[in-house]
Amino acid sequence: MNKKTLLVIIGIFIIGVIVGVYLINRNNKLDNSSNSQNGLLDQKEENNSSQNNEDNNSKQKIAIIYFSATGTTKKVAEYIKNTTNGDLIEIIPKEKYTDNDLNYGNDNSRANKEQNNSKARPEIKNNINTDNYDVIYLGYPIWWGDVPKIILTFLDSHNLNNKTIIPFCTSGSTSITNSLNTLKNYNKNVTWIDGTRFSSNTTQNEINSWVNSLSY
(Lines give C-alpha, C1' and ligand atoms only; values in the text may rest on other atoms or scores of the structure.)
Protein backbone atom coordinates (compact mmCIF):
# COMPACT_ATOMS: atom_id res chain seq x y z
CA MET A 1 0.00 0.00 0.00
CA ASN A 2 1.49 3.30 -1.05
CA LYS A 3 1.47 6.43 1.04
CA LYS A 4 -1.28 8.13 -0.96
CA THR A 5 -3.70 5.24 -0.51
CA LEU A 6 -3.00 5.14 3.21
CA LEU A 7 -3.80 8.86 3.55
CA VAL A 8 -7.07 8.34 1.67
CA ILE A 9 -8.06 5.52 4.03
CA ILE A 10 -7.18 7.60 7.09
CA GLY A 11 -9.17 10.55 5.73
CA ILE A 12 -12.21 8.37 5.11
CA PHE A 13 -11.94 6.98 8.65
CA ILE A 14 -11.74 10.46 10.19
CA ILE A 15 -14.76 11.63 8.17
CA GLY A 16 -16.69 8.55 9.33
CA VAL A 17 -15.87 9.29 12.94
CA ILE A 18 -16.99 12.92 12.59
CA VAL A 19 -20.25 11.93 10.91
CA GLY A 20 -20.89 9.30 13.60
CA VAL A 21 -20.34 11.79 16.43
CA TYR A 22 -22.62 14.30 14.70
CA LEU A 23 -25.43 11.76 14.32
CA ILE A 24 -25.15 10.66 17.96
CA ASN A 25 -25.30 14.28 19.19
CA ARG A 26 -28.22 15.01 16.90
CA ASN A 27 -30.22 12.03 18.18
CA ASN A 28 -29.50 13.00 21.81
CA LYS A 29 -30.75 16.52 21.17
CA LEU A 30 -33.93 15.19 19.57
CA ASP A 31 -34.56 12.86 22.54
CA ASN A 32 -33.97 15.66 25.03
CA SER A 33 -36.27 17.96 23.11
CA SER A 34 -38.97 15.30 23.00
CA ASN A 35 -38.64 14.61 26.73
CA SER A 36 -38.75 18.32 27.48
CA GLN A 37 -41.90 18.78 25.42
CA ASN A 38 -43.54 15.78 27.07
CA GLY A 39 -42.62 17.18 30.46
CA LEU A 40 -44.14 20.51 29.58
CA LEU A 41 -47.30 18.78 28.39
CA ASP A 42 -47.52 16.78 31.62
CA GLN A 43 -46.98 19.93 33.66
CA LYS A 44 -49.58 21.76 31.60
CA GLU A 45 -52.12 18.98 32.14
CA GLU A 46 -51.38 19.00 35.87
CA ASN A 47 -51.76 22.77 36.02
CA ASN A 48 -55.01 22.58 34.07
CA SER A 49 -56.33 19.93 36.45
CA SER A 50 -55.37 22.03 39.45
CA GLN A 51 -56.93 25.09 37.87
CA ASN A 52 -60.14 23.19 37.17
CA ASN A 53 -60.34 22.15 40.82
CA GLU A 54 -59.79 25.73 41.92
CA ASP A 55 -62.42 26.94 39.45
CA ASN A 56 -64.93 24.40 40.72
CA ASN A 57 -64.30 25.46 44.31
CA SER A 58 -64.43 29.14 43.43
CA LYS A 59 -67.86 28.67 41.84
CA GLN A 60 -69.30 27.58 45.17
CA LYS A 61 -70.81 30.45 47.12
CA ILE A 62 -69.98 30.06 50.80
CA ALA A 63 -71.63 31.61 53.85
CA ILE A 64 -70.61 31.35 57.48
CA ILE A 65 -73.83 31.72 59.44
CA TYR A 66 -73.53 31.64 63.21
CA PHE A 67 -75.21 32.38 66.52
CA SER A 68 -72.97 33.56 69.35
CA ALA A 69 -74.21 34.71 72.75
CA THR A 70 -70.82 35.33 74.37
CA GLY A 71 -68.47 35.89 71.41
CA THR A 72 -66.68 32.54 71.40
CA THR A 73 -68.51 31.16 68.37
CA LYS A 74 -68.17 34.52 66.64
CA LYS A 75 -64.38 34.33 66.84
CA VAL A 76 -64.34 30.87 65.26
CA ALA A 77 -66.74 32.04 62.56
CA GLU A 78 -64.40 34.94 61.75
CA TYR A 79 -61.49 32.51 61.45
CA ILE A 80 -63.50 30.42 59.00
CA LYS A 81 -64.27 33.53 56.96
CA ASN A 82 -60.55 34.31 56.79
CA THR A 83 -59.88 30.87 55.35
CA THR A 84 -62.84 30.52 52.97
CA ASN A 85 -63.45 34.15 51.95
CA GLY A 86 -67.13 33.35 52.47
CA ASP A 87 -69.78 35.80 53.64
CA LEU A 88 -70.04 36.19 57.40
CA ILE A 89 -73.65 36.37 58.66
CA GLU A 90 -74.70 36.54 62.30
CA ILE A 91 -77.98 35.16 63.61
CA ILE A 92 -79.11 37.99 65.89
CA PRO A 93 -81.84 37.17 68.43
CA LYS A 94 -84.71 39.63 68.64
CA GLU A 95 -84.23 39.59 72.39
CA LYS A 96 -80.58 39.68 73.33
CA TYR A 97 -79.39 37.07 75.82
CA THR A 98 -78.16 38.55 79.09
CA ASP A 99 -75.85 36.97 81.63
CA ASN A 100 -78.89 36.11 83.74
CA ASP A 101 -80.52 34.47 80.72
CA LEU A 102 -77.46 32.24 80.37
CA ASN A 103 -77.29 31.28 84.04
CA TYR A 104 -77.46 27.54 83.65
CA GLY A 105 -77.53 27.10 87.41
CA ASN A 106 -80.95 28.75 87.53
CA ASP A 107 -83.73 26.44 86.37
CA ASN A 108 -85.87 29.48 85.60
CA SER A 109 -83.30 31.21 83.39
CA ARG A 110 -84.29 31.89 79.81
CA ALA A 111 -81.79 29.48 78.28
CA ASN A 112 -82.91 26.68 80.59
CA LYS A 113 -86.57 27.20 79.78
CA GLU A 114 -85.91 27.27 76.03
CA GLN A 115 -83.74 24.18 76.01
CA ASN A 116 -86.29 22.24 78.05
CA ASN A 117 -89.13 23.24 75.74
CA SER A 118 -89.16 21.27 72.48
CA LYS A 119 -91.45 23.87 70.88
CA ALA A 120 -89.36 26.91 71.81
CA ARG A 121 -88.30 28.93 68.76
CA PRO A 122 -86.69 32.26 69.78
CA GLU A 123 -87.26 35.00 67.20
CA ILE A 124 -84.48 36.18 64.93
CA LYS A 125 -84.10 39.93 64.55
CA ASN A 126 -82.30 40.19 61.20
CA ASN A 127 -83.26 38.97 57.75
CA ILE A 128 -80.89 36.33 56.42
CA ASN A 129 -80.86 35.45 52.72
CA THR A 130 -79.51 31.98 52.02
CA ASP A 131 -80.73 31.61 48.43
CA ASN A 132 -77.41 32.33 46.71
CA TYR A 133 -75.24 30.02 48.80
CA ASP A 134 -74.18 26.47 47.97
CA VAL A 135 -72.22 25.74 51.15
CA ILE A 136 -73.10 27.01 54.61
CA TYR A 137 -70.91 26.73 57.67
CA LEU A 138 -73.40 26.79 60.55
CA GLY A 139 -72.00 27.74 63.94
CA TYR A 140 -73.43 27.71 67.43
CA PRO A 141 -72.48 27.19 71.09
CA ILE A 142 -73.51 23.96 72.79
CA TRP A 143 -76.39 24.54 75.18
CA TRP A 144 -77.41 21.64 77.40
CA GLY A 145 -75.50 19.28 75.12
CA ASP A 146 -77.47 20.36 72.06
CA VAL A 147 -78.07 23.18 69.58
CA PRO A 148 -79.64 26.37 70.93
CA LYS A 149 -83.30 26.54 69.93
CA ILE A 150 -82.64 29.67 67.85
CA ILE A 151 -80.75 27.46 65.39
CA LEU A 152 -83.97 25.52 64.83
CA THR A 153 -85.71 28.86 64.25
CA PHE A 154 -83.17 29.52 61.52
CA LEU A 155 -83.79 26.10 59.94
CA ASP A 156 -87.55 26.68 60.05
CA SER A 157 -87.20 30.08 58.40
CA HIS A 158 -85.18 29.08 55.34
CA ASN A 159 -85.40 26.58 52.53
CA LEU A 160 -82.03 24.86 52.79
CA ASN A 161 -82.94 21.77 50.79
CA ASN A 162 -80.12 20.42 48.62
CA LYS A 163 -77.57 22.74 50.20
CA THR A 164 -74.39 21.53 51.87
CA ILE A 165 -74.22 22.52 55.53
CA ILE A 166 -71.13 22.10 57.69
CA PRO A 167 -71.92 22.54 61.39
CA PHE A 168 -69.33 23.73 63.88
CA CYS A 169 -69.83 24.30 67.56
CA THR A 170 -68.04 25.74 70.56
CA SER A 171 -68.09 24.30 74.05
CA GLY A 172 -65.91 23.65 77.06
CA SER A 173 -65.88 19.89 76.59
CA THR A 174 -69.16 18.62 75.08
CA SER A 175 -68.76 17.09 71.63
CA ILE A 176 -70.75 18.03 68.55
CA THR A 177 -72.28 14.55 68.19
CA ASN A 178 -75.66 15.09 69.87
CA SER A 179 -76.27 18.46 68.21
CA LEU A 180 -75.26 17.03 64.84
CA ASN A 181 -77.82 14.25 65.23
CA THR A 182 -80.46 16.83 66.09
CA LEU A 183 -79.69 18.79 62.93
CA LYS A 184 -79.59 15.74 60.66
CA ASN A 185 -82.95 14.53 61.92
CA TYR A 186 -84.50 18.01 61.76
CA ASN A 187 -83.96 18.44 58.02
CA LYS A 188 -83.10 15.32 56.06
CA ASN A 189 -83.10 17.14 52.71
CA VAL A 190 -79.85 18.89 53.55
CA THR A 191 -76.43 17.42 52.82
CA TRP A 192 -74.99 17.50 56.32
CA ILE A 193 -71.23 17.25 56.63
CA ASP A 194 -69.89 15.99 59.96
CA GLY A 195 -68.54 19.08 61.62
CA THR A 196 -66.39 19.53 64.67
CA ARG A 197 -66.17 21.20 68.06
CA PHE A 198 -63.84 24.07 68.90
CA SER A 199 -62.82 25.56 72.20
CA SER A 200 -62.29 29.16 73.20
CA ASN A 201 -58.54 28.64 72.63
CA THR A 202 -58.88 27.62 68.99
CA THR A 203 -56.36 29.28 66.66
CA GLN A 204 -56.52 30.45 63.07
CA ASN A 205 -54.07 27.71 62.06
CA GLU A 206 -56.36 25.05 63.50
CA ILE A 207 -59.27 26.44 61.53
CA ASN A 208 -57.15 26.57 58.37
CA SER A 209 -56.26 22.88 58.71
CA TRP A 210 -59.88 21.88 59.35
CA VAL A 211 -61.36 23.88 56.48
CA ASN A 212 -58.70 22.68 54.03
CA SER A 213 -59.41 19.06 54.99
CA LEU A 214 -63.03 19.50 53.92
CA SER A 215 -62.25 20.63 50.33
CA TYR A 216 -65.09 23.16 50.23
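The values are calculated or read from the model by the stated rules, or taken from the named source; none is laboratory data. From a predicted model like this one, the values you see are computed outputs, not experimental measurements. All Cβ positions, even for glycine, are placed from backbone atoms using ideal geometry, and neighbour counts span all protein chains on display.
Is segment 176-196 home to any residue that is touching a residue at least 60 places away in the same chain (Cβ under 8 Å) and among the small types (Gly, Ala, Ser)?
no
When segment 84-96 is filtered for residues that are surrounded by fewer than 16 Cβ atoms within 10 Å (Cβ to Cβ) and within 30 Å of Asn205 (Cα to Cα), the ones remaining, listed by number, are Asn85, Asp87, Ile92.
Any chance segment 186-207 includes a residue that's closer than 18 Å to Ile150 by Cβ and in a helix (DSSP H, G or I)? Yes: one or more hits.
Residue count for segment 97-130 under the criterion of being exposed (fewer than 10 other Cβ atoms within 10 Å of the Cβ) and within 12 Å of Ile150 (Cα to Cα): the result is 2. Among the residues of segment 65-123, those that are among the hydrophobic types (A, V, I, L, M, F, W, C), touching a residue at least 60 places away in the same chain (Cβ under 8 Å) and assigned to a loop (DSSP other than H, G, I, E, B) comprise Phe67, Ala69, Ile91.
Conditions (1) closer than 16 Å to Gly86 by Cα; (2) assigned by TED's automatic domain parsing to the domain that holds Pro141; (3) of a type outside the set (Phe, Trp, Tyr), marked per residue:
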site	(1), (2), (3)
Asn161	no, yes, yes
Pro167	yes, yes, yes
Ser175	no, yes, yes
Leu183	no, yes, yes
Tyr186	no, yes, no
Val190	no, yes, yes
Asp194	no, yes, yes
Phe198	no, yes, no
Thr203	no, yes, yes
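Of all residues in segment 189-202, those satisfying the criterion of being closer than 15 Å to Ser171 by Cα and not aromatic (Phe, Trp, Tyr) are Gly195, Thr196, Arg197, Ser199, Ser200, Asn201, Thr202.
Within segment 148-174, the set of residues being within 21 Å of the chain's Cα centre (by Cα) and not in a strand (DSSP E or B) comprises Leu160, Asn161, Asn162, Lys163.
Of the residues that sit in segment 132-143 and are at pLDDT 95 or above and in a loop (DSSP other than H, G, I, E, B), which one is nearest to the chain's Cα centre (by Cα)? This residue is Asp134.
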